[in-house]
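Have a look at the structure below before the remarks.
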2 protein chains.
Amino acid sequence: MSEEKTNLDIPKMDIKNASKYEEVSPAVVKRLPRYFRYLREVIRQGKTRVSSSELSRMMNVTASQIRQDLNCFGGFGQQGYGYNVNYLYTKICELLGVGCGFRALVIGAGNLGSALVRSSMFEKRGVDVVAMVDVRQAVIGKKIGDVIVYSMNDLEELCEKFAVDIVILTLPKENAADASERLKNTKIKGIWNFTGKELDMGDCDIIVENEHIGDSLMTLCYEIESRMTDGVNKEK
Amino acid sequence: MSEEKTNLDIPKMDIKNASKYEEVSPAVVKRLPRYFRYLREVIRQGKTRVSSSELSRMMNVTASQIRQDLNCFGGFGQQGYGYNVNYLYTKICELLGVGCGFRALVIGAGNLGSALVRSSMFEKRGVDVVAMVDVRQAVIGKKIGDVIVYSMNDLEELCEKFAVDIVILTLPKENAADASERLKNTKIKGIWNFTGKELDMGDCDIIVENEHIGDSLMTLCYEIESRMTDGVNKEK
């Protein structure tokens, strides 16, 4: 049934056959999550083909930039026909490791940890949140969404038991260094760090991705301030 | 007392005299929040001067990139002496509008809204959260941190009453369009959008900054997947 191809199921992938586009530049990689989001939108609209100029309008990027980006990993477009949406979505999912079935554990069952777990963020990216941990007795044993909160004492054991790939740090800044020290003794592959604290992972090969939510607030303030200053200058 | 100069107080600024570095490129602007964060760290360590090579090590950017960036807005460095930390911090705060005293209102008093309001994010950037709104009777009238939750019905009135500059959208995606429509009738200057929904602001000159938290999760998955694939290739 060809219609099935346009749903939003996460394509399964075989890691051994994972695409090897090793020359993709970091700048393109940074844009891939945006392509992922927009392609999901296109699929949701029921389209099976999309042109670079349509994507260009949606994403506010030039069509030539889009063609260039998509060429980097094989160029699945056909002049005059546009791109096969489902094929493109599958390829981008592959590139991003969306079908790998990574397993995540969240440290901190506070507001931020709960907000993340309750959002659709993980599900739609094919990441499975298998556990949360916290130090507060009051929340240990509770469920946030579908996820059980365990004791922080059992961190290493839980990483082992659930074969955790990614740990998400939403605990207070002051405790970030301790947590990352303990994680060095596990087999996890990556840390998604919301604490605002730089982690020193030494020689261990855990990849750290820092999330600084406040940075885009500052960009917004900058834009507003620039516009206000412009206004003031014009009035002079 | 000269020591006072190295504290983390937010420098007051006069919008009319706000620095006019209109040629600062978007790429540099994107990096300014990072400078802001690292300079706060340097100040916290009690240092009054910092060299481009020290900043370079901390920030994992080349020293020449740092010199180039800081030259864009005046170049406050002195060969062999490094940068005056406090001066640099003040200038960057000015550029970013940190001292402008912007006032923010948060739509949505759920986990994400609460996490944001309870964090130190706003305070350290000089943004004052004056109110939250929600549709749920159970939370209206309550306080999250120091901030009172009002009814979503009073949104426009609250924006007027509190002279709100920035509205932060943490409500469900489905309600984002309605909220942004209503905001077109207010005098707010910017929207910080966490809903994942693109907002169509039409001709009104409200600046929208979209926050896609999930994007950096995907970057992390990509890095992990690339490393795993590399490993598999090497084993062959």
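The values are calculated or read from the model by the stated rules, or taken from the named source; none is laboratory data. Given the structure is predicted, the values throughout are model-derived calculations rather than measurements. So basically every Cβ, Gly included, is an ideal-geometry build from the backbone, and we count neighbours across all protein chains shown. Accessible surface areas use protein heavy atoms only, side chains included; no ligands, DNA or RNA. Shrake-Rupley method; radii C 1.70, N 1.55, O 1.52, S 1.80 Å.
Using a 10 Å cut-off on Cβ to Cβ distances, tally the other chain neighbours for every residue of B:112-124 and report the average as a whole number. The partial results should precede the final answer.
Numbers: counts 8, 2, 5, 10, 6, 1, 3, 8, 3, 6, 2, 0, 2.
Partner-chain Cβ atoms within 10 Å, mean over residues of B:112-124: 4.
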Problem - Nitroxide proxy distance, nm - points 7 Å out along Cα→Cβ at B:N153 and A:Q68 - result: 5.4 nm
Practice task
Over the residues of the stretch B:128-217, compute the C-alpha Rg and express it relative to 2.2 N^0.38 Å.
Solution key: 1.08
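In square angstrom and rounded to 100, what buried accessible area do you get between chains A and B, total over both, with the probe at 1.4 Å? Write out the running numbers ahead of the final one.
Working: alone 14540 and 14560 Å², together 23160 Å².
Adding both sides of the contact gives about 5900 Å².
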Problem - Percent of beta bridges antiparallel (DSSP, the stretch B:122-216, rounded to nearest 5) - result: 15 percent
Fill in the blank from the handout: Stretched fully, the stretch from B:K173 through B:A138 gains (0.36 nm per residue minus C-alpha distance, one decimal, in nm) 10.5 nm
Fill in the blank from the handout: The Cα extents of the stretch B:164-236 along the principal axes, largest first and rounded to whole Å, are 62, 21, 20
Practice task
Take the solvent-accessible surface of the protein heavy atoms, probe 1.4 Å, and return the percent of it on the stretch A:39-163 that carbon and sulfur atoms account for.
Solution key: 45 percent
Problem - Test item: A:93-101 mean partner chain Cβ contacts at 10 Å - result: 4
Handout entry: the stretch B:49-174 - Rg and Dmax from Cα coordinates, angstrom
Key = 19.8, 61
Problem - Pairwise label distance in nanometres, A:D203 with B:Y81, each label 7 Å out on the Cα-Cβ vector - result: 4.3 nm
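To the nearest µm²/s, what D does Stokes-Einstein give for the stretch B:34-75 at 37 °C and 0.692 mPa s, using the Kirkwood radius over alpha carbon pairs as Rh? Could you put the intermediate results ahead of the total?
Working: Rh = 10.5 Å.
The diffusion coefficient I find is 314 µm²/s.
For peptide A:186-194, what's the mean number of Cβ atoms from other chains within 10 Å of each residue's Cβ?
Values: counts 0, 0, 1, 7, 7, 1, 6, 2, 4.
Average per residue, whole number: 3.
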Fill in the blank from the handout: Of B:27-34, B:190-197, ordering from highest average Cβ density within 10 Å down gives B:190-197, B:27-34
Fill in the blank from the handout: Residues whose built amide H sits under 5 Å from the amide H of B:S51, excluding neighbours closer than 5 in sequence, are B:Y83
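Taking a threshold of 24 Å on the Cα-Cα distance, which of the pairs A:K142/A:K189; A:K30/B:K197; A:K30/B:K30; A:K184/B:K30; B:K91/B:K143; A:K91/A:K187 fall above it? Can you show the working numbers first?
Values: A:K142/A:K189 27 Å; A:K30/B:K197 19 Å; A:K30/B:K30 14 Å; A:K184/B:K30 31 Å; B:K91/B:K143 35 Å; A:K91/A:K187 28 Å.
Check vs 24 Å cut-off fails for A:K142/A:K189; A:K184/B:K30; B:K91/B:K143; A:K91/A:K187.
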Practice task
Let me see the pair-distance distribution of the stretch A:98-170: every alpha carbon pair, 5 Å bin width, integer percents in order.
Solution key: 3, 19, 31, 26, 15, 5, 1, 0
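So what's the net charge close to A:Q65: Lys and Arg +1, Asp and Glu -1, counting the other residues with Cβ under 12 Å from its Cβ? Working shown, then result.
Numbers: positive: A:R31, A:R34, A:R67; negative: A:D69.
Cβ neighbours under 12 Å give a net charge of +2.
Express the accessible area of the stretch A:145-236 per residue in Å², computed with a 1.4 Å probe while the remaining protein chains stay in the model. Don't jump to the answer; show the numbers that get you there.
Details: 4340 Å² over 92 residues.
Here the residues of the stretch A:145-236 average 47 Å² of exposed surface.
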Completion exercise
quick note, the stretch A:56-170, DSSP beta bridge pairs, % antiparallel (nearest 5) is 25 percent
Handout entry: Full-extension gain in nm, B:R182 to B:E41, via 0.36 nm per residue minus C-alpha separation
Key = 46.8 nm
